[in-house]
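Below is one structure, written out as structure tokens, with a few remarks after it.
The values are calculated or read from the model by the stated rules, or taken from the named source; none is laboratory data. Nothing here was measured: the structure is a model prediction, and the numbers come from that model. Neighbour counts run over all protein chains shown; Cβ positions are idealised from the backbone, glycine included.
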Amino acid sequence: MTQYQEKAAVIRIERLSGDNVRLTFDCPDIAAAASPGQFVMIRVGTGNDPLLRRPFSIHQTDEDGHLQVYFKVVGRGTGMLAAVREGAEVSILGPLGRGFQVADSPACLVGGGLGMAPLLFLARKLSQLKRDRSRDTIILGGRTSSEVEPLVKDFEEFGMTVVATTDDGSYGQRGFVTAAFSSLSLPSPCTVYCCGPEPMLAGMSVLCRTRGYSCQVSVESVMACGMGACLGCSKPNRDGGYVHVCVDGPVFDAEEMAWNI
Amino acid sequence: MTQYQEKAAVIRIERLSGDNVRLTFDCPDIAAAASPGQFVMIRVGTGNDPLLRRPFSIHQTDEDGHLQVYFKVVGRGTGMLAAVREGAEVSILGPLGRGFQVADSPACLVGGGLGMAPLLFLARKLSQLKRDRSRDTIILGGRTSSEVEPLVKDFEEFGMTVVATTDDGSYGQRGFVTAAFSSLSLPSPCTVYCCGPEPMLAGMSVLCRTRGYSCQVSVESVMACGMGACLGCSKPNRDGGYVHVCVDGPVFDAEEMAWNI
Amino acid sequence: MEYLKGDVQIPDLRVNIGPLSLANPVMTASGTFGYAREFESLLDLGRLGAIIVKGISLHPRSGNPPPRIIETASGMLNAIGLQNVGVDRFIVEKIPYLGTLGVPIIVNILGDSLDEYRHITEKLSACEVVAAIEINISCPNVKKGGVAFGADPAMAAAVTRTVRETTSVPVIVKLSPNVTDVTVIAKAVEEAGATAVSLINTLIGMAIDLKRRRPALANVCGGLSGPAIKPVALRMVYQVAQAVSIPVIGIGGIATAEDALEFMLAGATAVQIGTANFVNPRACEEVIDGIGDYVLQEKLASVREMIGALQVG
Amino acid sequence: MEYLKGDVQIPDLRVNIGPLSLANPVMTASGTFGYAREFESLLDLGRLGAIIVKGISLHPRSGNPPPRIIETASGMLNAIGLQNVGVDRFIVEKIPYLGTLGVPIIVNILGDSLDEYRHITEKLSACEVVAAIEINISCPNVKKGGVAFGADPAMAAAVTRTVRETTSVPVIVKLSPNVTDVTVIAKAVEEAGATAVSLINTLIGMAIDLKRRRPALANVCGGLSGPAIKPVALRMVYQVAQAVSIPVIGIGGIATAEDALEFMLAGATAVQIGTANFVNPRACEEVIDGIGDYVLQEKLASVREMIGALQVG
Ligand SMILES: Cc1cc2nc3c(=O)[nH]c(=O)nc-3n(C[C@H](O)[C@H](O)[C@H](O)COP(=O)(O)OP(=O)(O)OC[C@H]3O[C@@H](n4cnc5c(N)ncnc54)[C@H](O)[C@@H]3O)c2cc1C
Ligand SMILES: Cc1cc2nc3c(=O)[nH]c(=O)nc-3n(C[C@H](O)[C@H](O)[C@H](O)COP(=O)(O)OP(=O)(O)OC[C@H]3O[C@@H](n4cnc5c(N)ncnc54)[C@H](O)[C@@H]3O)c2cc1C
Ligand SMILES: Cc1cc2nc3c(=O)[nH]c(=O)nc-3n(C[C@H](O)[C@H](O)[C@H](O)COP(=O)(O)O)c2cc1C
Ligand SMILES: Cc1cc2nc3c(=O)[nH]c(=O)nc-3n(C[C@H](O)[C@H](O)[C@H](O)COP(=O)(O)O)c2cc1C
Ligand code: FES
Ligand code: FES
């Protein structure tokens, strides 16, 4: 797989809510090569501190060479990235990792919090395939309205059923995405694509196993290189060994993982 | 002497020429306490790299609590400072050091390159004192027009004779400030206030000694603290010992210094 | 400073370094705070846990030629060369002001020989203001002295014993990180009577000016300090805290309350703030406030609960 | 890349590590470049001075539990735990691709015993592709092995001798910085037959997660690398270059051509680029280009003029 290190210009900055930012880059090589579930490593700042690139799922791409990331400000790196100016150039490395394996069966996309980020790209991809979309579902959950609402419209574009949940009930159904998922009657077979915090992924993994759905999960890990060179991003797998999130994932078959919850 | 660490808002950014930038801060405590020849230490960036504050002469202050610095982009720190946004807040420490000792005698101010920076503040101070200004002279020199021309008007405001020189003759007289100084007939006694590169200061020091003028020079040194705590900013003096630029200077009687040229 | 608002709740920040009681665990690191007066208009010196002054030798030293400092990635190198006014002038010129601050004054000392250490200690012990002595056996800047003492357990013990026998105030031994196993030195000085150890002093480093093809420092090598060295310092503090039973004082790249609390988790009873004073002259006070806030937020009975509380495994 | 424009002028960047000739002094540091293939779409592997692959042991190792890495100020800590596929799979799976690159391939090896070092060396010596062996005697991550060999001159010499006697390819010994006097170890391995020494490996460090009150790395300690350690690395390279007469390979925080040239001034014949590969996967190629530009601009007959050309005093 070919990867690129591009100097990408920031062409749009959207503050979707307090801490959640969506950046659009002009990044044609990576955008053209990317598939849903893959990620990029973005260099924040120019000095030696912070030193390492930060990983972000690819949120969307388009035919005009644009690439979007959608992220939450949680620390210094994301803080600096959120403060970038329109027109500034940022070094982006990608596309990285193995994304979602798109199946023919009806799809259920489940995103918790920032886990929604890669699902938009996936939803678009699914919508472009010649398949029956009427039985596809998207579940989007977050702690509160501001984490969910801003993206719902974007997801509704694809003609799939969108279910929203919030922990505090401020938008959509009150409760976790796992509860919403349990209460849905989904077609069978069905492929479930999940991204979100680990407890959610572990929960989804159990629910899917019970129902016999195949389940793909996108997981996170600290990363230094994002390309298999440092071996820093290990996660335990079911066999007692390790997988490396950046090259073996970030998307895994849920059955491969040893959840550490 | 009271010093302050202020969070100062950038209220004006002037790019006076390619690499030369003038910043105006809202910095009332330091502005009120400052005298000509003193300097400030400015924190560039927020991470650990670059780590140390950068020293800059106080270029001007006004009664509204504004403080200006005038600097050239020579490296990472000055580059970051030049890229600051209007409205951004920057940590400034000052006023630091011992400035010019303003004498009653006629004054000749000699600034080479960025050495002009502190002289504007000094010129204003001299112009405010009840003294005869008609015999005061200001010599401003630089490599080329863009280093000299942008400031000439500001200096002319004070009603003193302004002589400009450039190494390449692109503005004012061709040649060094030392040559311009030598060719002037100045009143005697006269106090000469100099700031600029060391060879210029060393040259001025010899010229003034020959003519019996008292000569004050503002010198530079690498600095970590700017306040006498690290002992890093030493310069050899005539006695074979060291002075510390940040507390014993930056302005010294030229006779005190051992020029290392 | 939550405890200054509304319902008063004062966090218990007191710690003890042997017989020495500190109001809080935050001290200034030697050589980075001058003789304290330099900072008087920028922070409340009376709030410091202790003040450790620039290293003092028997005779005045004029220090190294410039350049003496150079910035590095997240750090700096210094080769000040232990410039100081000498113990006699220190006692006359600096001690009176320091005595007015109401804060324990710890004097960092250095010498070229055991005799020199003994003499300085004798002179300082005569000053009531001196609450403790910190022995610099680790300074990398002066070619003789420094390194030799700090790198050899027997020599380190000898200096410690000499100072210990000469004074009744607490004796803190400041360890060099430029050794294969810092716990060996720590145990040797504990055995020799040290009240506490402080670590780390600077790592020996070098920078080169490519344009001039010369060392960036006139002294060629210098001491590396600042955030860059924090991981090394934290590791050594953790190792030493497990190896000795005297208090450990953590030093190295500390700039925030979080940094300080991490060193306490690793086993430090107190901390020293060095290079951060240059970047933020109010660093010590901000760290004290931040530790106070943490103690209240986490509802700790005392900051002492943090000492060595790291959960491993 | 001035020499690609108009009138062709090709800078002479060749250097020799004993009998091994390199097209330029820039190599990849072990453990930071995978097995090279990871970078194939990002830079021209054929332009590298040499490729040093991730450390190989006799048997496969699965490495440490996560978290294995954590960022620090201008650096990072790693405790990968020497994860690798083992020498047999390495030979079958990785060597064939590496052999196609037309660049000297240097294999970094590690072991728990002299026997293990001997066995790996035997197996690697049978591969024509292996241009040299770099012995990791300094890895701080694995509790046995690593540190013990690198911290003791006799043990370091013993490993060197074992490998030296087992193979005819050049043997580079990679030194640990976690010692009191690195020149003692360097002289010991020179004496024992090392073709060259490379330094520094990582400094042992630690980071703490205050929120969880736990070490940030599962392994507690890890190896510190990146720009933060460059001053320490530069100092040790300078010291070792003066102490030995075999070539010295500089490592530690190198990210730019200027960094590399500084190490050469300090006495390095070649350099390795580690952590910088993560930040900028094109770092090695950019450093090669930058050195070339410098050689032309400064009108040097060869980059070899830079080696040890530091003016001191
Ligand atoms: C493959 C992959 C894809 C990702 N995609 C996205 C995305 O699309 N949108 C997005 O917002 N984030 C995403 N992340 C997480 C993102 O990389 C981190 O939030 C970011 O690196 C934090 O950098 P920082 O410098 O702001 O935080 P730091 O200063 O490094 O850390 C600040 C705090 O955040 C915590 N933190 C660090 N990393 C994470 C993390 N991964 N998750 C939660 N907390 C963390 C730290 O423990 C610390 O407490 C992804 C991570 C991976 C591995
Ligand atoms: C008391 C004092 C007052 C000063 N006032 C002014 C002022 O009013 N305006 C102004 O433009 N500058 C002034 N300077 C110089 C200014 O502090 C430096 O230019 C600045 O610190 C460079 O920071 P940097 O990070 O951009 O450069 P660095 O990245 O630190 O260095 C980049 C390059 O610039 C060189 N350099 C570093 N410091 C200086 C220096 N002092 N002079 C020339 N080259 C240097 C370095 O050797 C290096 O080659 C003053 C210095 C002192 C000590
Ligand atoms: C400019 C400077 C001068 C120093 N002088 C001394 C000294 O005189 N005696 C001493 O024991 N340590 C001295 N040190 C070391 C510091 O006290 C401290 O141990 C070291 O800087 C690491 O802490 P830091 O990273 O917080 O700076 C000095 C450090 C610096 C930066
Ligand atoms: C993630 C990582 C893995 C490493 N693995 C090895 C290794 O297997 N063998 C080895 O000798 N050195 C290893 N090192 C050390 C590097 O080769 C190098 O000596 C060190 O990182 C300093 O150089 P740098 O600052 O350029 O990274 C590793 C370093 C890192 C960061
Ligand atoms: S992040 Fe380096 S191997 Fe995965
Ligand atoms: S800059 Fe620290 S003493 Fe002058």
Going residue by residue through segment B:155-167, is there one that turns out to be buried (at least 16 other Cβ atoms within 10 Å of the Cβ), within 21 Å of residue B:71 (Cα to Cα) and touching a His at 6+ places or on another chain (Cβ under 9 Å)? no
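So in segment B:206-224, with the set limited to residues that are hydrophobic (A, V, I, L, M, F, W, C) and without any contact (Cβ under 8 Å) to a residue 40 or more places away in the chain, which one is nearest to the other protein chains (Cβ to nearest Cβ)? Please lay out each step first, then the result.
Going through segment B:206-224, the residues hydrophobic (A, V, I, L, M, F, W, C) turn out to be B:206-208, B:215, B:217, B:219, B:222-224.
From what is left, the residues that are without any contact (Cβ under 8 Å) to a residue 40 or more places away in the chain are B:206-207, B:219, B:222.
On the way: B:206: 22, B:207: 25, B:219: 11, B:222: 6 Å.
So, considering only residues that are hydrophobic (A, V, I, L, M, F, W, C) and without any contact (Cβ under 8 Å) to a residue 40 or more places away in the chain, the one nearest to the other protein chains (Cβ to nearest Cβ) is B:222.
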Could you list, in sequence order, the residues of segment C:189-216 that are buried (at least 20 other Cβ atoms within 10 Å of the Cβ) and of a type in the set (Gly, Ala, Ser)? C:192, C:194, C:196, C:198, C:205, C:207, C:216
Search segment C:25-76 for residues being out of contact with any strand residue (DSSP E or B) (no Cβ under 9 Å at 6 or more places or on another chain) and acidic (Asp, Glu), and hand back the single one that is nearest to ligand 3 (Cβ to nearest atom). C:38
Residue D:85 versus (1) more than 30 Å from residue D:290 (Cα to Cα); (2) touching a Gly at 6+ places or on another chain (Cβ under 9 Å); (3) among the β-branched types (Val, Ile, Thr): which is the lone unmet condition? (2)
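Given the criterion away from ligand 6 (no atom under 16 Å from the Cβ) and out of contact with any Leu (no Cβ under 8 Å at 6 or more places or on another chain), identify the matching residue among D:74, D:62. Before the answer, list the steps.
On the way: D:74 fails: out of contact with any Leu (no Cβ under 8 Å at 6 or more places or on another chain).
D:62 is the lone residue from the list that is away from ligand 6 (no atom under 16 Å from the Cβ) and out of contact with any Leu (no Cβ under 8 Å at 6 or more places or on another chain).
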Quick one: in segment C:51-74, of everything that is in contact with a Ser or Thr (Cβ under 6 Å, 6 or more places away or on another chain) and within 14 Å of chain D (Cβ to nearest Cβ), which residue is nearest to residue C:23 (Cα to Cα)? C:74
Among the residues of segment D:247-305, what is the count of those that are farther than 26 Å from residue D:224 by Cβ, surrounded by fewer than 22 Cβ atoms within 10 Å (Cβ to Cβ) and out of contact with any strand residue (DSSP E or B) (no Cβ under 8 Å at 6 or more places or on another chain)? 11
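Does residue A:205 count as within 14 Å of ligand 5 (Cβ to nearest atom) and of a type in the set (Ser, Thr, Tyr)? Explain how you work it out, then say what you get.
Working: within 14 Å of ligand 5 (Cβ to nearest atom): no; of a type in the set (Ser, Thr, Tyr): yes.
Spelling it out, it is not the case that residue A:205 is within 14 Å of ligand 5 (Cβ to nearest atom) and of a type in the set (Ser, Thr, Tyr).
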Can you confirm whether residue B:239 is farther than 30 Å from residue C:275 by Cβ and either more than 16 Å from ligand 1 (Cβ to nearest atom) or in contact (Cβ under 8 Å) with a residue 40 or more places away in the chain (or both)? yes
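So which residues in segment B:207-261 are assigned to a loop (DSSP other than H, G, I, E, B) and among the aromatic types (Phe, Trp, Tyr), if there are any at all?
B:213, B:259 - these are the residues of segment B:207-261 that are assigned to a loop (DSSP other than H, G, I, E, B) and among the aromatic types (Phe, Trp, Tyr).
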With the checklist (1) within 17 Å of residue C:132 (Cα to Cα); (2) part of a helix (DSSP H, G or I); (3) more than 16 Å from ligand 6 (Cβ to nearest atom) in hand, flag the one item residue C:94 doesn't pass. (3)
Return a yes/no flag: does segment B:140-154 have any residue that is over 16 Å from the mean Cα position of the chain (by Cα) and hydrophobic (A, V, I, L, M, F, W, C). no
In segment A:16-55, which residue that is within 14 Å of chain D (Cβ to nearest Cβ) and assigned to a strand (DSSP E or B) is surrounded by the most Cβ atoms within 10 Å (Cβ to Cβ)? A:40
Going by the structure shown, is residue C:73 closer than 30 Å to residue D:225 by Cα and more than 16 Å from the chain's Cα centre (by Cα)? yes
So, in segment D:218-236, exactly how many residues are in contact with a helix residue (DSSP H, G or I) (Cβ under 6 Å, 6 or more places away or on another chain) and more than 7 Å from every other protein chain (Cβ to nearest Cβ)? 1
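Regarding segment A:176-184, can at least one residue be identified that is within 14 Å of chain D (Cβ to nearest Cβ), more than 16 Å from ligand 3 (Cβ to nearest atom), assigned to a helix (DSSP H, G or I) and at pLDDT below 95? Outline the logic, then answer.
If we filter segment A:176-184 for residues that are within 14 Å of chain D (Cβ to nearest Cβ), which is where we start, we get none.
Looking for residues that are within 14 Å of chain D (Cβ to nearest Cβ), more than 16 Å from ligand 3 (Cβ to nearest atom), assigned to a helix (DSSP H, G or I) and at pLDDT below 95, one finds none in segment A:176-184, hence no.
Would you check if residue B:81 is under 18 Å from residue B:118 (Cβ atoms) and within 14 Å of chain A (Cβ to nearest Cβ)?
Values: under 18 Å from residue B:118 (Cβ atoms): yes; within 14 Å of chain A (Cβ to nearest Cβ): yes.
Yes: the conditions hold for residue B:81.
Is it the case that residue C:80 is touching a residue at least 24 places away in the same chain (Cβ under 8 Å), under 24 Å from residue C:218 (Cβ atoms), within 14 Å of chain D (Cβ to nearest Cβ) and in contact with a Gly (Cβ under 6 Å, 6 or more places away or on another chain)? Steps first, answer last, please.
Numbers: touching a residue at least 24 places away in the same chain (Cβ under 8 Å): yes; under 24 Å from residue C:218 (Cβ atoms): yes; within 14 Å of chain D (Cβ to nearest Cβ): no; in contact with a Gly (Cβ under 6 Å, 6 or more places away or on another chain): yes.
So residue C:80 fails the test.
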Out of D:163, D:130, D:159, report the one residue that is farther than 21 Å from residue D:97 by Cα and modelled with pLDDT of 95 or more. D:163
Within segment D:146-175, take every residue that is of a type in the set (Gly, Ala, Ser) and within 14 Å of chain C (Cβ to nearest Cβ) and give me the one that is nearest to ligand 5 (Cβ to nearest atom). D:146
Those residues of segment D:253-279 which are facing another protein chain (nearest Cβ under 7 Å) and of a type in the set (A, V, I, L, M), in sequence order: D:261, D:265, D:266, D:279
Only one of (1) within 16 Å of ligand 4 (Cβ to nearest atom); (2) among the hydroxyl-bearing types (Ser, Thr, Tyr); (3) surrounded by fewer than 15 Cβ atoms within 10 Å (Cβ to Cβ) is not met by residue A:221, so which one is it? (3)
Can you name the condition, by its number, that residue D:155 falls short on among (1) surrounded by 23 or more Cβ atoms within 10 Å (Cβ to Cβ); (2) part of a helix (DSSP H, G or I)? (1)
